[in-house]
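*Asks:* Structure incoming, see below.
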Amino acid sequence: MPYTTEQPPISVDFNELKRINQEIVGWIYCEGTPINYPVMQAENNEKYLNALPDKRFSLNGSVFIDCSCESDFSSDNTLMYGHNRKTGMFACLPRFKNKNYYNAHSVMWLLTPDGDYKVIVFAGFNAYAESWVYEINFFKEKFRSEYVDRCLQSSDFKPVADPIPGTRLLTLSTCYYFGPDNGRYVVIGMLIPSVRQ
């Protein structure tokens, strides 16, 4: 399993966050973008569409991971959702279509109560809500390899680093109406554990 000794540029007090809401499972951050949010997970995928982490109603909703994913991000591919709103959230994801924007923001950070991850983005493209890209578990390395290859072939940009076999993946998804209803834009990265020396 590859790892990095590089440390996140921000820190998060999960003890304090858990006092606000036990359903906070992580924090997603991408320098130079609006992405700097707690990550929620509920028993369904509707709860945080219009609710903030402190449970107040808001059209902005919250960033959250799919209810079918493991809360510790140990799924083969963790699906993370956020609204595409002018106020921020995941509105910047479609900007990854521009190779210069991607090159400037090819690294994100995922912080969790149990450890942190450097997220190296390797693909971004248009998708439909029920498409193949929303697979959570691959069961065999062969299927994971085919999935990654398809992501690379679909991507709007060439990755700064090739995906490493066996690494877990993180897929960020937001609404993006490029044509028919249920259009999405997805950005996919590999999770590299950050190890303190």
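Read the figures in this text as sums done on the coordinates, not as results from a lab. In this text the structure is predicted, and so the values were computed from the model without any measurement. Here the Cβ is made from the backbone with ideal geometry for all residues, glycine too, and neighbour counts use every protein chain on show.
*Asks:* Check Glu135: other-chain or 5+ apart residues with amide H under 5 Å from its amide H, H built from backbone geometry?
*Replies:* Under 5 Å from the amide H of Glu135: no residue qualifies.
*Asks:* Just checking my list (1) 16.2, 46; (2) 21.5, 75; (3) 15.7, 49 against Rg and Dmax of the Cα atoms in Å computed from this structure; which label fits?
*Replies:* Matching entry in (1) 16.2, 46; (2) 21.5, 75; (3) 15.7, 49: (3).
*Asks:* Are there GluC sites (Glu not before Pro) in the stretch 117-197 that DSSP puts in a loop and that have at most 11 other Cβ atoms within 10 Å, and which ones? Display every interim value, and only then the final one.
*Replies:* On the way: sites: Glu130, Glu135, Glu141, Glu146; in loops: Glu130, Glu135.
Passing both the DSSP loop test and the Cβ count: Glu130.
*Asks:* Can you run phi through the Karplus equation (6.51, -1.76, 1.60; θ = phi - 60°) for the stretch 59-76 and list ³J(HN,Hα) in whole Hz, with x for Gly and Pro?
*Replies:* 5, 5, x, 10, 6, 8, 9, 4, 5, 8, 7, 6, 5, 9, 6, 8, 5, 4
*Asks:* Taking the Cα centre as origin and putting +1 on Lys and Arg beta-carbons and -1 on Asp and Glu beta-carbons, what dipole magnitude results for the chain, to the nearest 20 debye? Walk me through the numbers before you get to the answer.
*Replies:* Working: 19 positive and 22 negative charges, 106 e Å.
With Lys and Arg at +1 and Asp and Glu at -1, about 500 debye.
*Asks:* How high is the FRET efficiency between Thr4 and Asp162 when r is their beta carbon distance and R₀ equals 25 Å, given to the nearest 0.05?
*Replies:* E between Thr4 and Asp162, to the nearest 0.05, is 0.95.
*Asks:* OK, next. Nearest 5 percent is fine: what portion of the DSSP beta bridges confined to the chain is antiparallel? Mind dumping the intermediate values first?
*Replies:* Working: 38 of 46 bridges.
Percent antiparallel among DSSP bridges in the chain is about 85.
*Asks:* Right, next: Count neighbours as other Cβ atoms within 10 Å of each site's Cβ, and list the trypsin sites (Lys or Arg not before Pro) in the stretch 1-81 that are DSSP loop with at most 11 such neighbours. Can you show the working numbers first?
*Replies:* On the way: sites: Lys18, Arg19, Lys47, Lys55, Arg56; in loops: Lys47, Lys55, Arg56.
Filter output for the stretch 1-81: Arg56.
*Asks:* Among the listed pairs Lys55/Lys86; Lys97/Lys118; Lys118/Lys158; Lys18/Lys47; Lys47/Lys86; Lys18/Lys55, give every one whose C-alpha distance is greater than 23 Å.
*Replies:* Working: Lys55/Lys86 21 Å; Lys97/Lys118 21 Å; Lys118/Lys158 19 Å; Lys18/Lys47 17 Å; Lys47/Lys86 21 Å; Lys18/Lys55 13 Å.
Too far apart for the 23 Å limit: no listed pair.
*Asks:* Let me ask another. At what distance in nm do the modelled label points of Lys18 and Asn182 sit from each other, each positioned 7 Å from its Cα along Cα→Cβ?
*Replies:* For the pair Lys18/Asn182, the computed spacing is 3.8 nm.
*Asks:* Then there is this: Under a Cβ-only charge scheme (Lys and Arg +1, Asp and Glu -1), can you give me the dipole magnitude of the stretch 61-109 about the Cα centre, in debye to the nearest 20?
*Replies:* Numbers: 5 positive and 4 negative charges, 116 e Å.
Rounded to the nearest 20 debye, it is 560 debye.
*Asks:* At 0.36 nm per residue, minus the direct Cα-Cα distance, what do Asp72 and Thr87 gain on full extension? Give it in nm, one decimal, please. Before the final figure, lay out each step's value.
*Replies:* Working: separation 15, 0.36 × 15 = 5.40 nm, distance 2.81 nm.
Result: 2.6 nm gained on full extension.
*Asks:* Along the charge dipole of the stretch 149-197, pointing to its positive end and built from +1/-1 on Cβ of Lys, Arg, Asp and Glu, which listed residue (Tyr177, Thr167, Gln153) has its Cα farthest out?
*Replies:* Of the options given, the answer is Thr167.
*Asks:* Additional query: Gain in length, Ala129 to Asp114, computed as 0.36 nm per residue apart minus the alpha-carbon separation, to one decimal in nm?
*Replies:* Numbers: separation 15, 0.36 × 15 = 5.40 nm, distance 3.04 nm.
Here the segment from Ala129 to Asp114 would lengthen by 2.4 nm.
*Asks:* Find how much the distance from Asn103 to Leu152 grows on full extension, using 0.36 nm per residue of separation minus their present alpha carbon separation; answer in nm with one decimal.
*Replies:* Working: separation 49, 0.36 × 49 = 17.64 nm, distance 1.55 nm.
Full extension from Asn103 to Leu152 adds 16.1 nm.
*Asks:* Next question, about the same structure. When the Cα centres of the stretch 60-85 and the stretch 1-20 are compared, how far apart do they sit, in Å?
*Replies:* So the two Cα centres are separated by 17 Å.
*Asks:* Which residues' amide hydrogens lie under 5 Å from the amide hydrogen of Thr78, considering only partners 5 or more residues apart or on another chain, with H built in the peptide plane?
*Replies:* Under 5 Å from the amide H of Thr78 lie the amide H atoms of Leu169, Leu170, Thr171, each far enough along the sequence or on another chain.
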